[in-house]
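Read through the structure below, which is laid out as structure tokens, and then see the notes.
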Amino acid sequence: MLQDLLQLVVYGIVSGGIFALGAVGVSLLFAILRFANFAHGDTMTLGAYFALFGVATLGLPLWSVFPFALAATAAVTVAIDRVLFRRLRRTAPVILLISSFGVALVLRSVVQLVWGPENVVYATDIVPPWRVWGLRIRPTHLVILAVTLALVAALHLFLTRTRTGKAMRAMADDPDLAQVCGIDTEAVIRWTWIVGGALAAAAGIFLALDTRLNPLLGWNVLLPVFAAALLGGIGQPYGAIAGGFLLGIAGEVSTMFLEPVYKPAVAFALIVLVLVFRPTGMFGGR
């Protein structure tokens, strides 16, 4: 029983890292732009397919195309903001939300048109899991966790040590005051999309590496990603990280008592509990 629990916790940590990367992007975008971007899941999918292009078409190893996929996805998110969201920034948040649904459909259609609707994988060879203290650990899980922790550490240093990161935090607290103080708000918004898009791409690549890649990859995990952001406190990137790991572990451990198909219900239940007892989330979001 204890062995099974520990095995599920291991799986939950891996899933939680993926949710955390996606939730950080959602939280940052909400903190700066004040709207929930429902195209975030399909941005994750797009990043995963950019990596597939490098692996399947160019014949490059996944680790070498990883930076390219992050940069390409970030560029696409910035372009979408320039073309669409920038023009709607002064409208009601619900208009931005509905527009993000439209962007999600467009991104999904582009992916299906270019790469097709079939399930694909990055590599066809099967690497047996390692046995560590009786636990089954896949080498890809160690890679996912290590790179996730590295990205989280890089995000922390970016937000706390760089001038742009401090400007992002200032604008998240009070955008009008930040603008009066001379902060270039458009540059901050651009960097928010870059960081959010890059982290979404990383989450999509890791999710595809852990499962299979298909055009609905990101859309299928959009609920857990938003749930993680809400658990931590919407608009709080550090809270999103904690919420992602908590949700991942809770979802996997719940399979000891529930069928795996009920994992989304666990996300809903956690959201309800948080909203009832702490509406601003664990880290006191908006």
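All but one of (1) exposed (fewer than 15 other Cβ atoms within 10 Å of the Cβ); (2) assigned to a helix (DSSP H, G or I); (3) polar (S, T, N, Q) hold for T91; which doesn't?
Status for T91: all satisfied but (2).
A quick yes/no check of all residues on (1) outside any loop (DSSP other than H, G, I, E, B); (2) among the acidic types (D, E); (3) surrounded by fewer than 20 Cβ atoms within 10 Å (Cβ to Cβ); (4) in contact (Cβ under 8 Å) with a residue 24 or more places away in the chain:
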{"position": "P128", "(1), (2), (3), (4)": "no, no, yes, no"}
{"position": "I144", "(1), (2), (3), (4)": "yes, no, no, yes"}
{"position": "L149", "(1), (2), (3), (4)": "yes, no, yes, yes"}
{"position": "K166", "(1), (2), (3), (4)": "yes, no, yes, no"}
{"position": "I183", "(1), (2), (3), (4)": "no, no, yes, no"}
{"position": "W193", "(1), (2), (3), (4)": "yes, no, no, yes"}
{"position": "G196", "(1), (2), (3), (4)": "yes, no, no, yes"}
{"position": "L207", "(1), (2), (3), (4)": "yes, no, no, yes"}
{"position": "G218", "(1), (2), (3), (4)": "yes, no, no, yes"}
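Being of a type in the set (D, E, K, R), within 25 Å of V103 (Cα to Cα) and touching a residue at least 24 places away in the same chain (Cβ under 8 Å), is that true of even one residue in region 233-255?
No, region 233-255 contains no residue that is of a type in the set (D, E, K, R), within 25 Å of V103 (Cα to Cα) and touching a residue at least 24 places away in the same chain (Cβ under 8 Å).
Going by the structure shown, is D42 touching a helix residue (DSSP H, G or I) at 6+ places or on another chain (Cβ under 9 Å), more than 29 Å from V106 (Cα to Cα) and acidic (D, E)?
No; evaluated as a whole, the condition is false for this residue.
Go through region 30-84 and count every residue that is crowded, with 24+ Cβ neighbours inside 10 Å, touching a Pro at 6+ places or on another chain (Cβ under 7 Å) and modelled with pLDDT under 95.
The total comes to 0.
Hey, among the residues in region 33-50 that are of a type in the set (S, T, N, Q) and touching a Ser or Thr at 6+ places or on another chain (Cβ under 9 Å), which one's farthest from A71 (Cα to Cα)?
N37
Only one of these is exposed (fewer than 14 other Cβ atoms within 10 Å of the Cβ), of a type in the set (S, T, Y) and assigned to a helix (DSSP H, G or I): T160, T140. Name it. Please lay out each step first, then the result.
Numbers: T140 fails: exposed (fewer than 14 other Cβ atoms within 10 Å of the Cβ).
Only one candidate qualifies: T160.
Every residue, every condition in (1) crowded, with 22+ Cβ neighbours inside 10 Å; (2) over 17 Å from the mean Cα position of the chain (by Cα); (3) within 15 Å of G12 (Cα to Cα), yes or no:
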| site | (1), (2), (3) |
| --- | --- |
| A229 | yes, no, no |
| I234 | yes, no, no |
| G239 | yes, no, no |
| G244 | yes, no, yes |
| G251 | yes, no, yes |
| S254 | no, yes, yes |
| K263 | no, yes, yes |
| F268 | no, yes, no |
| L273 | no, yes, no |
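Looking only at region 73-85, which residues are small (G, A, S) and more than 16 Å from the chain's Cα centre (by Cα)?
A75, A79
For region 34-60, give me each residue that is over 18 Å from L155 (Cβ atoms) and among the aliphatic types (A, V, I, L, M).
Matches in region 34-60: A36, A39, L46, A48, A51, L52, V55, A56, L58, L60.
The values are calculated or read from the model by the stated rules, or taken from the named source; none is laboratory data. Just so it is clear, the model here is predicted, and its values are computed rather than measured. Reconstructed Cβ throughout: ideal geometry from the backbone, glycine too, with neighbour counts over all protein chains shown.
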